[in-house]
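The next block holds one structure in the form of structure tokens; read it before the comments.
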Amino acid sequence: MKTVHHWIGGKTVEGASGNWGPVTDPATGAVTTQVALASAEEVDAAVAVAKAAYATWGTSSLSQRTGILFRYRALLDAHRDDLAVLITAEHGKVHSDALGEVARGLEIVELACGITTQLKGELSTQVSSRVDVSSIRQSLGVVAGITPFNFPAMVPMWMFPLAVACGNTFVLKPSEKDPSAANLLAELASEAGLPDGVLNVVHGDRVAVEALLAHPDIAAVSFVGSTPIARHIHTTASANHKRVQALGGAKNHMLVLPDADLDAAADAAVSAAYGSAGERCMAISAVVAVGAIGDELVDKIRERAEKIVIGPGNDPASEMGPLITKAHRDKVASYVTGAAAQGAEVVLDGTGHTVEGFEDGHWIGLSLLDKVSTDSDAYRDEIFGPVLVVLRTETYEQGIALINASPFGNGTAIFTRDGGAARRFQLEVEAGMVGVNVPIPVPVGYHSFGGWKDSLFGDHHIYGNDGVHFYTRGKVVTTRWPDPSETPAGVDLGFPRNH
């Protein structure tokens, strides 16, 4: 059986706690790997290595950092397929989706390669007689990232490339459900020339997480996961005087107006709801059909959903793979089996789906629930699986009110041909990311990613300008150099005069 250990100080470090977590192949249900689960003492050791590395990395030149990042980008590009294979084996997503994940992570590496322009300060000269004021941004020290199972390569790459480009050292705690991609990311960074200890990977469960949140040498924590855990991360790390960026869950709505191209809307709904088996925080999980289009739209969605091919992620014919664990599969299925009792019309029930030859895999088919009420479990909860709910409203105003009443505010979309309605929607909707005829409005790397309300805890979104600001802190320097011929001004207890 394969064993995954920690990566600390530029080398593999065997787990010493004696605790191990199982890693399964979701397509077969078989345990293929065991991963070391770190103790608090092992976390302490990793942080100590990162702190020692910061002594030199924090003062390294920008040209040194960007040179390493450019080489890292080239290595990642050359190893795209290797990363994708690991993701498919442990997460279950189809190979093309895994490659797409790596590509989106590379966007942030490319942003980090241009960190020289992101870290430029400002200068105001002669604000008073011979007085200049400048502002600079400096690194924080040791920072940590805690990442989810659904994007085991992309989300870590949303964090550590910017963090180390800004001069910090990093301790990554990836999901113990699919840990191998994180180790390969760290190994390739070392191959690119990143000094030992700048990027460290510590595997673990809640013990490791709590150790990071409480550690006095961790300056900031970045997290992506469910809302309850994001809230806990924010509360606990903040109480320990850390800067926190905690991205939580979502219930993303797609508002479809009567004038929309229904074929395009149906294509988008199926792609956005069922891609990655629905295991993504930017999935469209609720369609709001406005007016008389509801029946036709649901029919079009059903026709497309019935044609999706479900199978192992390493089969080129597969369009959707299994869910990450059997427990998660059963939880997702429970929302479908209980939907009718809560008033929904079950248009498609995927709970009985199996794949021939892979009967023990964590399979579930595509489910479509129509005429769902806002007080039902299938609507209120983040299901995180291939379940799409459809709600009906008579007007745009009712639709926007329904969306804004949700406690989540991650992403949303509108499908319409009316530019005025789209403009109104993007201003009125209470969500951090908005798509207009775009179902999954994930920003490109140089714009920041993040939601509102219960989808984000903390003041900074992830990557983009917000990411740079999160991993640095500002300093303002006021300087006065007297002219050599100037006589001393003497003591003056009055307020400084700038005029």
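Looking at region 11-35, I want the residues that are farther than 17 Å from Pro174 by Cα and have a partner that is of a type in the set (Ser, Thr, Tyr) and at pLDDT 95 or above with Cβ atoms under 7 Å, at least 6 apart or on another chain. Which pairs are those?
Hits for this filter: Ser17/Ser39; Asp25/Thr32; Ala30/Thr24; Val31/Thr24; Thr32/Thr24.
Restricting attention to region 179-198, which residues are open to solvent by less than 10 Å² (accessible area, probe 1.4 Å), over 21 Å from Pro22 (Cβ atoms) and outside any helix (DSSP H, G or I)?
Correct list: Ala192, Gly197, Val198.
Run down Gly467, Gly445, Gly450, Gly490 and say which single residue is over 18 Å from Leu257 (Cα atoms), crowded, with 21+ Cβ neighbours inside 10 Å, of a type outside the set (D, E, K, R) and at pLDDT below 95.
Gly445
Which residues, taken from region 430-442, are open to solvent by less than 40 Å² (accessible area, probe 1.4 Å) and either assigned to a loop (DSSP other than H, G, I, E, B) or among the small types (Gly, Ala, Ser) (or both)?
Ala431, Gly432, Gly435, Pro439, Pro441, Val442
Those residues that are over 21 Å from the mean Cα position of the chain (by Cα) and not small (Gly, Ala, Ser), I need them from region 62-80; list them, please.
Correct list: Leu62, Gln64, Arg65, Thr66, Ile68, Phe70, Arg71, Leu75, His79.
Condition (residue is more than 22 Å from Leu199 (Cβ to Cβ) and at pLDDT 95 or above) applied to region 56-77: is it met by at least one residue?
no
Quick one: in region 447-498, of everything that is assigned to a strand (DSSP E or B) and among the aromatic types (Phe, Trp, Tyr), which residue is nearest to the chain's Cα centre (by Cα)?
Across region 447-498, the extreme among qualifying residues is Phe449.
In region 19-57, how many residues are in contact with a strand residue (DSSP E or B) (Cβ under 9 Å, 6 or more places away or on another chain) and in a loop (DSSP other than H, G, I, E, B)?
5
Tally up the residues in region 340-368 that are within 14 Å of Leu323 (Cβ to Cβ) and of a type in the set (A, V, I, L, M), please.
3
Residues Thr33, Thr24, Thr12, Thr56: which one is touching a Lys or Arg at 6+ places or on another chain (Cβ under 9 Å), open to solvent by 20 Å² or more (accessible area, probe 1.4 Å) and either polar (S, T, N, Q) or within 20 Å of Gly204 (Cα to Cα) (or both)?
Only one candidate passes the filter, namely Thr24.
Kindly evaluate Ala40 against the criterion of being out of contact with any Pro (no Cβ under 6 Å at 6 or more places or on another chain) and over 17 Å from Asp178 (Cα atoms).
yes
List the residue pairs whose Cβ atoms are under 9 Å apart, where the first residue sits in region 204-217 and is in contact (Cβ under 8 Å) with a residue 40 or more places away in the chain, the second is open to solvent by 50 Å² or more (accessible area, probe 1.4 Å) and of a type in the set (A, V, I, L, M), and the two are 6 or more positions apart or on different chains.
So the pair list comes out as Val209/Ile229; Asp217/Ala48.
Do any helices (runs of 4 or more DSSP H) lying entirely in region 227-342 carry at least 3 residues that are of a type in the set (Gly, Ala, Ser), modelled with pLDDT of 95 or more and buried (at least 19 other Cβ atoms within 10 Å of the Cβ), and which ones are they?
Hits in region 227-342: 262-274.
Sort through Arg424, Arg417 and tell me the only one that's basic (Lys, Arg) and not in a loop (DSSP other than H, G, I, E, B).
Residue meeting the stated conditions: Arg424.
Could you say whether any residue in region 361-384 is assigned to a loop (DSSP other than H, G, I, E, B), open to solvent by less than 10 Å² (accessible area, probe 1.4 Å) and more than 20 Å from Ala269 (Cβ to Cβ)?
Yes.
Take Val4 and decide whether it is touching a residue at least 24 places away in the same chain (Cβ under 8 Å) and either surrounded by fewer than 18 Cβ atoms within 10 Å (Cβ to Cβ) or touching a Leu at 6+ places or on another chain (Cβ under 7 Å) (or both).
no
Do we find that Asp77 is in contact (Cβ under 8 Å) with a residue 40 or more places away in the chain, assigned to a helix (DSSP H, G or I) and of a type outside the set (A, V, I, L, M) in this structure?
no
Looking at Ala84, Ala112, which one is in contact (Cβ under 8 Å) with a residue 12 or more places away in the chain and in contact with a His (Cβ under 8 Å, 6 or more places away or on another chain)?
One residue alone meets the criteria, Ala84.
If only one of Ile462, Ile403 is surrounded by 11 or more Cβ atoms within 10 Å (Cβ to Cβ), of a type in the set (A, V, I, L, M), touching a residue at least 40 places away in the same chain (Cβ under 8 Å) and farther than 24 Å from Tyr379 by Cα, which one is it?
Criteria check complete, one pass: Ile462.
The values are calculated or read from the model by the stated rules, or taken from the named source; none is laboratory data. Quick caveat, the model's predicted, so the values are computed rather than measured. Heads up, the Cβs are rebuilt from the backbone with ideal geometry, glycines too, and the neighbour counts pull from every protein chain shown. The accessibility values were calculated without ligands, DNA or RNA, using every heavy atom of the protein model including side chains. Shrake-Rupley method; radii C 1.70, N 1.55, O 1.52, S 1.80 Å.
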